[in-house]
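Encoded as structure tokens, the structure appears first; notes follow it.
The values are calculated or read from the model by the stated rules, or taken from the named source; none is laboratory data. This structure is a prediction, so every number in the text was calculated from the model and none was measured. Note that each Cβ is placed from the backbone with ideal geometry, even for glycine, and that neighbours are counted across all protein chains shown. Ligands, DNA and RNA are excluded from the accessible area calculation, which covers all protein heavy atoms including side chains. Shrake-Rupley method; radii C 1.70, N 1.55, O 1.52, S 1.80 Å.
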Amino acid sequence: MKILSFAVPCYNSEAYMRKCIDSLLPGGEDVEIIIVDDGSSDGTAAIADEYEAKYPGICRAIHQENAGHGGAVNTGITNARGMYFKVVDSDDWLDTDSYKIVLNRLKQFREDRKRVDMFICNYVYEHVEDGTSHTIGYHKVLPEEKIFGWDEARHFRMDQNLLMHSVIYRTRVLRESGLKLPKHTFYVDNLFVYIPLPYVKTLYYLDVDLYRYFIGRNDQSVNERVMISRIDQQIYVNKLMIDAYCLPQDVSNKHLARYMLSYLAMICCVTSIMLLISGTPENLEKRRELWQYFKKKYPSMYWRVRLGGRGIVSNPPGKISYGIVVRCYRMAQKIYKFN
């Protein structure tokens, strides 16, 4: 069995996918790189086939009709043959030195028969517009270089949520969770790091800067203008997260339930602020409807989020507070440089 399966969703990625795939090749025969050509119309398919031919047994090209990012990740999970699974978007890459350390640690877990359901590393925002970078780490939140449970995790700061960039799952955990991401939908990475969490019993954190997250393309999904244009998809994902669990009742570990509630509140906050920034009557009504949906679905969870710090920011009382919320968001945007 391979140690680690990578899924690389590719849609018209010919301009940058080589850098991504090349950064994964140092794993050699211990890894498989599943290049999912998601109905591309440029040279992506040919590049995927080229890598499969050049690196047989390591690279696999899978061609499918366009299903969106979630559909491509689903294909990766279905076809993965590795003990562990990670998604690397085609415009991102891994740091070589950190990658080798991580892979050796995963190999050691297998040799020692130690179960680790989620392996966590730091990730780095690479800002193309000004040539700067910003690292998100967990060294003050998670125990380092030991297998631990949710009870040992401390409080996550606003910028320290576990994202797709920071996690490697045990493949069996993803399958046991029944995770199936919606097709033709952006922002499904939030579901990827939320739905399977109750199935994660053991974690391991290594303080290395593994994942390099490219920020700066005008058409990137986290671009504010793009997010507003796709706000219905953000709302859809937000509702799927609300539907998934009634917290804390549905999650037995109180520390995990607290984290998941905080993460859900953060997504509600992001959705609400994008709707506020848009400012159109239609989007302000969508914001009201989202919170009413939440309240009707799970009233107790709604009030936990609504009365928490992020909930107050997400859904402030009175129109006079809208401008204050947006200004606070702008300040956080400058500090954390998340898009």
**Report entry** Residue satisfying condition, being aliphatic (A, V, I, L, M) and crowded, with 18+ Cβ neighbours inside 10 Å, within set Ile34, Ile101
**Finding:** Ile34
Query raised in the report: Quick check, is Met274 open to solvent by less than 20 Å² (accessible area, probe 1.4 Å), without any contact (Cβ under 8 Å) to a residue 60 or more places away in the chain, part of a helix (DSSP H, G or I) and within 21 Å of Leu181 (Cβ to Cβ)?
Result: yes
Requested in this report: Would you please name the residue that is surrounded by the most Cβ atoms within 10 Å (Cβ to Cβ), looking only at residues in the stretch 133-154 that are in a loop (DSSP other than H, G, I, E, B) and in contact with a helix residue (DSSP H, G or I) (Cβ under 7 Å, 6 or more places away or on another chain)?
Outcome: Ala153
Report summary line: Among Glu224, Glu282, the single one that is open to solvent by less than 50 Å² (accessible area, probe 1.4 Å) and among the acidic types (Asp, Glu) is Glu224
Query raised in the report: Hey, among Asp159, Asp130, which residue is among the acidic types (Asp, Glu), open to solvent by less than 30 Å² (accessible area, probe 1.4 Å) and outside any helix (DSSP H, G or I)?
Result: Asp159
Query raised in the report: Is one or more of the residues making up the stretch 238-256 at pLDDT below 95, under 19 Å from Gly68 (Cβ atoms) and in a helix (DSSP H, G or I)?
Result: no
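Inspect all residues belonging to the stretch 293-306 and state whether any of them is part of a helix (DSSP H, G or I), under 17 Å from Met227 (Cα atoms) and either modelled with pLDDT under 95 or open to solvent by 30 Å² or more (accessible area, probe 1.4 Å) (or both).
Within the stretch 293-306, not a single residue is part of a helix (DSSP H, G or I), under 17 Å from Met227 (Cα atoms) and either modelled with pLDDT under 95 or open to solvent by 30 Å² or more (accessible area, probe 1.4 Å) (or both).
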Query raised in the report: Does Glu65 satisfy the criteria of being modelled with pLDDT under 95, out of contact with any Ser or Thr (no Cβ under 6 Å at 6 or more places or on another chain) and more than 19 Å from Ala15 (Cα to Cα)?
Result: no
